[in-house]
1. Would you list which lysines come within 27 Å of Lys186, measuring only between C-alpha atoms, while excluding same-chain residues fewer than 8 positions from it?
2. Write down Rg/Rh for the chain, rounded to two decimals, with Rg from the C-alpha atoms and Rh from the Kirkwood relation over Cα pairs.
3. Size of the dipole of the chain about the Cα centre, Lys and Arg at +1 and Asp and Glu at -1 on the beta carbon, nothing else charged, in debye to 20?
4. Once a ≥ b ≥ c are taken as the square roots of the eigenvalues of the Cα gyration tensor of region 185-245, is the result rounded (a/c under 1.5), prolate (a/b larger than b/c) or oblate (a/b not larger than b/c)?
5. How charged is the neighbourhood of Phe139? Take every other residue with its Cβ under 14 Å from the Cβ of Phe139, and add Lys/Arg as +1 and Asp/Glu as -1.
6. Once you wrap a convex hull around the alpha carbon atoms of region 29-83, what is its projected area averaged over all directions, in nm²?
7. Which of Phe84, Phe95, Phe242 moves most in a GNM of the chain, Cα contacts under 10 Å?
8. Taking N as the number of residues in region 105-172, what is its Cα Rg relative to 2.2 N^0.38 Å?
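The values are calculated or read from the model by the stated rules, or taken from the named source; none is laboratory data. Just so it is clear, the model here is predicted, and its values are computed rather than measured. Glycine gets a Cβ as well: all are built from the backbone with ideal geometry, and neighbour counts include every protein chain shown. Areas reflect the complete protein model, heavy atoms only, side chains present, ligands, DNA and RNA absent. Shrake-Rupley method; radii C 1.70, N 1.55, O 1.52, S 1.80 Å.
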Amino acid sequence: LAATVQPRTIRDLPVVLRQNIQTTLETVLPTAVSPFANALLLGDSSDLDYETVTDFSVSGIRHIVAVSGLHVSILFTMLSFVSFRKRFLSALLAFPTLFLFAAVTGFTPSVSRACIMSGLMLLASLINQEYDGPTALSFAGLILLLVNPLVITSVGYQLSFASVAGIFLFSPGIRKWLLSWFDLRKACRLRRSAVRWFTLSVSVTLGATTATVPLCAWDFGTVSLAAVLTNLLVLWAVSLIFYGLILVCLVSLVWQTAAVVLGNIVGLLIHYVLMTAKTIANFPLAAVYTRS
């Protein structure tokens, strides 16, 4: 087994757990994909090469290697599934897990925002109250500003809140418009599911992009025109990779060989994401540059 570090106190647990996860991923995954795995699971993109980061930015999926609300939602979905969607069991699993995940990833503004909103959703379910997304978003923003008022200058804070606000404001209308393209009255179940997935994915991406384009143009000098296409092609794989990496870490605790085999399977999906981003980034006019 890969060497692990033991925490001396409870306060050391997040840092030690993060270090052990990094060691595990570097041990059981192919060398070519371990930097992406660290970025996806822990938000550590320091080992990603410049070409890969550029491909992600131009193709519009830079957010998948900056731990954000996307990752928290994937984790929350997994916790809901393993708890059989039972309210009290979900809360029992989710509250400590979300807090630990936020701590391991360094309490970044985007992760903290998503964890607070997920916690409010769980709390509303427990006390039989209606969950209101905009109110939860405002509450999360208030909490983060009370803890550190200067967080408002963070690009991660601005992008996280802008993207969720854009989803709340624009995505329902965009999805309704997209659904009007299709006649689902006599459609089979598979076609209805495909249309719902397509309209949801496109509307969420467009809603978030609508609010974040000005910030991306100002802070990064790049606006991807291919983001909708790229997200449609890779987000399903990102969810599977995220679950796969968690499973790899758990399996490695008891059976290193099986973890390596599983790591190679997950590595194939990572190669798919890297290849897709590279291919789309090479498209003409995949992005426009505001600093040119």
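1. Leaving aside lysines fewer than 8 places away in the same chain, those within reach of Lys186 are Lys176.
2. The Rg/Rh ratio comes out at 0.96.
3. Dipole of the chain, to the nearest 20 debye: 1080 debye.
4. Cα axes put region 185-245 in the oblate bin.
5. Working: positive: Arg113; negative: Asp132.
Net charge around Phe139: 0.
6. Working: hull surface 17.5 nm².
Approximately 4.4 nm², given one-decimal rounding.
7. Phe84
8. 1.12
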